[in-house]
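For reference, the structure is listed below as structure tokens.
The values are calculated or read from the model by the stated rules, or taken from the named source; none is laboratory data. What you are looking at is a predicted structure, and each value in this text was computed from that prediction instead of being measured. Using ideal geometry, Cβ is built from the backbone for each residue, glycine included, and neighbour counts are taken over all protein chains shown. Side chains are part of the model used for accessible areas, which takes the heavy atoms of the whole protein and leaves out ligands, DNA and RNA. Shrake-Rupley method; radii C 1.70, N 1.55, O 1.52, S 1.80 Å.
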Amino acid sequence: MRVDPDQKAILSYDDIQVDFDLLVSVPVNMGSPVIDKSGLGDDLGFVPTEKYTLKAKDHDDIFVLGDATNLPSSKAGSVAHFQVDGFIENFQRYVDGMELLPTFDGHANCFIESGHGKGFLIDFNYDVEPLPGMFPMPGVGPFSLLKQSRMNHWGKMMFRWTYWNVLLKGREMPIPAQMSMAGKWR
Ligand SMILES: Cc1cc2nc3c(=O)[nH]c(=O)nc-3n(C[C@H](O)[C@H](O)[C@H](O)COP(=O)(O)OP(=O)(O)OC[C@H]3O[C@@H](n4cnc5c(N)ncnc54)[C@H](O)[C@@H]3O)c2cc1C
């Protein structure tokens with residue numbers, strides 16, 4: 001029902017009180033109002049989507065990419081980027097009446113700034129959790145996976161340039177759309 005910051009307590013409608021030292025609350029992640037209005041979405045405003053082909057489950061001629069899907073992948077720019085790569089091939093197959101390929105594996109790749117000039121890098125998909133290793137070149141890197149490093153921070157800084165000059169201009173990125181186990185260890 002409400003949070004009482006002075007008492008440091010969460011209070012429910014049925015008079016239950018839960019005390020806290022530090023409250024970290026995460027609101028429910030909802031889809032876009034435009035999806036709600038379209039009637040394509042589920043209760044949370046995401047479009048039910050086939051996990052590996054990105055076709056809308058309940059509608060022909062509609063594919064869903066990026067934050068609009070209800071998939072168990074991250075809502076992230078890298079995910080939208082990797083989805084597009086596989087979608088292009090599948091869309092052409094769809095137009096030609098061919099069977100769709102399972103081109104999207106849930107691949108996500110994110111730098112995470114951790115402060116003091118350092119950062120993390122994680123690379124994962126539907127089935128493989130973030131693992132330690134080196135990226136993008138196995139054993140060489142220069143970026144380390146699931147580990148804090150200064151090089152990861154510089155990678156994030158360099159990505160700004162890549163974003164404006166490579167991604168937005170539609171140039172090829174030398175990173176495959178599907179996740180690779182090369183350079184990762186358990
Ligand atoms: C604060 C923040 C930080 C983030 N940081 C990162 C990060 O560090 N790394 C990362 O990978 N991802 C990050 N993300 C996530 C990333 O931005 C999204 O996953 C990505 O932009 C999704 O792309 P999209 O094309 O699906 O949706 P969007 O980029 O949201 O594009 C949807 C577009 O539809 C438009 N639109 C909405 N309604 C209508 C309408 N009725 N008519 C016409 N147009 C409409 C919107 O204006 C928007 O331009 C971040 C997101 C947020 C909010």
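Over 29 Å between C-alpha atoms is what I'm after, so list which of 75/118; 51/118; 57/147; 55/169; 37/156 land there.
51/118; 57/147; 37/156
Within segment 99-132, find all residues whose amide N lies under 14 Å from a label point positioned 7 Å from the Cα of residue 157 along Cα-to-beta-carbon.
113-119
Starting from the Cα of residue 57, step 7 Å along the direction of its Cβ; do the same at residue 128; then give the gap between the two resulting points in nm.
In this crude label model, residue 57 to residue 128 measures out at 2.7 nm.
Top mean-square fluctuation among 170, 106, 77, Gaussian network model of the chain, C-alpha springs under 10 Å?
Per the Cα network of the chain with a 10 Å cutoff, 170 tops the list.
Report the FRET efficiency, 1/(1 + (r/R0)^6), for residue 43 and residue 76, where r is their Cβ-Cβ distance and R0 is 22 Å, rounded to 0.05.
Plugging the Cβ-Cβ distance into 1/(1 + (r/R0)^6) gives 0.45.
Within 13 Å, Cβ to Cβ, of residue 106, how many net charges do the neighbouring residues add up to if Lys/Arg are +1 and Asp/Glu are -1?
Net charge around residue 106: -3.
Show log10 I(q)/I(0) for segment 108-167 at q = 0.13, 0.20 Å⁻¹, two decimals, from a solvent-free Debye sum over equal Cα scatterers.
-0.32, -0.74
What does the accessible area per residue of segment 108-167 come to in Å², with a 1.4 Å probe and no ligands, DNA or RNA counted?
So segment 108-167 comes to 59 Å² accessible per residue, rounded to a whole number.
Stretch residue 10-residue 22 to full length: gain in nm at 0.36 nm per residue minus the Cα-Cα span?
Contour length minus Cα-Cα distance gives 3.2 nm.
Between residue 175 and residue 1, with labels modelled 7 Å along Cα→Cβ, what's the label distance in nm to one decimal, could you check?
About 4.7 nm separates the two model spin labels.
First compute the accessible area of segment 115-163 with a 1.4 Å probe, then give the percent of it belonging to carbon and sulfur atoms.
Accessible surface attributable to carbon and sulfur in segment 115-163 totals 65 percent.
Quick one: Cα centre-to-centre distance for segment 113-144 and segment 48-89, in angstrom?
24
Per 0.36 nm of contour for each residue apart, how much would the distance between residue 118 and residue 36 grow if the chain were fully extended, relative to their Cα-Cα spacing?
Using 0.36 nm per residue and subtracting the Cα-Cα distance, I get 25.5 nm.
How fast does segment 39-186 diffuse by Stokes-Einstein, in µm²/s, taking the Kirkwood radius from C-alpha pairs at 25 °C and 0.890 mPa s?
Diffusion coefficient, whole number: 149 µm²/s.
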